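What follows is a set of notes on a single structure, which appears directly below.
The values are calculated or read from the model by the stated rules, or taken from the named source; none is laboratory data. Source: prediction; values computed, not measured. Here Cβ is always computed from backbone atoms with ideal geometry, including for glycine, and neighbour counts include all displayed protein chains. In case anyone asks, the SASA skips ligands and DNA or RNA and just uses the protein heavy atoms, side chains included. Shrake-Rupley method; radii C 1.70, N 1.55, O 1.52, S 1.80 Å.
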Amino acid sequence: MGRVIAAGVALGLCAVLLGAPPAVADSGSLGLQVSIDRRPVEDATVPIDPANQVELQVVATNSGTAPVKVRSVRLSGVALALTFFAYDTTAPFEVPAHGTVTRTFVLDLADLSGQATGLLPASVELLDAQRVTLGEVTTVADVQGSFWSVYGVFGLAMLVLTVLAWVTALLALARHRLAPNRWRRGLRFLPAGFGTGLVAVISLSVLRLVPPEPAIELPVVLGAAAIAFLLGYLTPNPVVTGSDTTVRLEFTR
C-alpha cells in the first residue's frame, strides 16, 4: 500500500517538475494584444463563466519584413504543468509586414465547467500551420466551473493519497516499524510532504486565493517535501522489543 501511495504522489510531482514549455517560433513572431469580453487580459485576472459565450479579440502586430500567416487561435489553461483545458479556433488570416490585424472570435466554453474551476494560469496563442506559437499573451483565468471538474477531482485524489501517506508513515512510527537508518526514515515521510505541497497549491487555486504559477507551486511543493523529510529524519530510532528479535542457535560438533 505504501508503494502505491508513493507512486501516486510521485505522478503528481512529475507533473510539476517535468512540464514541457510550448514551442515558440524563431522568426516572424507577432506582437499580440488580447481582450476577453472587452477586458484586456495581460496582467489581469479574467473571469470566465462557462454558461456564457466568450468574445475573444486579438490584435496581432508584425514588426518583421515578411508577412506572417496565422492558422488558428488557442485559449488554454495550465496548472501543475498539466493542460486542463484548451480551445482551438481555426481562422486563417495573414498579418502583413509592418502591419496590424484585428480579429474577433466568439467561443462556446460550455464544457469548461467539467474541466476546471478556480484560478488557473491561462494563455492565448496564435499558431501557424505547424502548430508553432507565433505570438502569446498570458493571464490568469477565474474559471467558474464545477468542483467535480477534472481539476477538482484531481485535487481530491491528491488529498486522499496524501492522507494515506501520512497515516501509513505515522503508523509505522507508532509501531516502531521505521528503518533504523535516518535517511531511510526521512524518505519514508517524503511522499507525504510532496502530497501536502500539491494539495496546498490546488486548494489555494480552487478557493481563488493564489493561482498555481511555477513561482509559487515549486517553492510550496519542495518546501513541504523538505519539512516532511526533516520530520522523518529526526524521528527517534525504533525501539526493538524482545518479540522483534530473532535468536539464532548454531550447533557445532
Open item on the list: Quick test for you: out of 153, 163, pick the one residue that is of a type outside the set (Ser, Thr, Tyr) and surrounded by fewer than 15 Cβ atoms within 10 Å (Cβ to Cβ).
Closed with: 153
- [ ] Please state which of the following conditions residue 109 fails to meet, knowing it meets all the rest: (1) touching a Leu at 6+ places or on another chain (Cβ under 9 Å); (2) under 20 Å from residue 50 (Cβ atoms); (3) open to solvent by 30 Å² or more (accessible area, probe 1.4 Å).
- [x] (3)
Task: Residues that are open to solvent by less than 40 Å² (accessible area, probe 1.4 Å) and assigned to a loop (DSSP other than H, G, I, E, B), drawn from the stretch 133-145 - done: 145
Open item on the list: Here's a check for you: in the stretch 59-86, which residue that is more than 26 Å from the chain's Cα centre (by Cα) and assigned to a strand (DSSP E or B) is farthest from residue 97 (Cα to Cα)?
Closed with: 71
Open item on the list: For the list (1) part of a helix (DSSP H, G or I); (2) in contact with a Pro (Cβ under 7 Å, 6 or more places away or on another chain), I need the number of the one condition that residue 178 fails.
Closed with: (1)
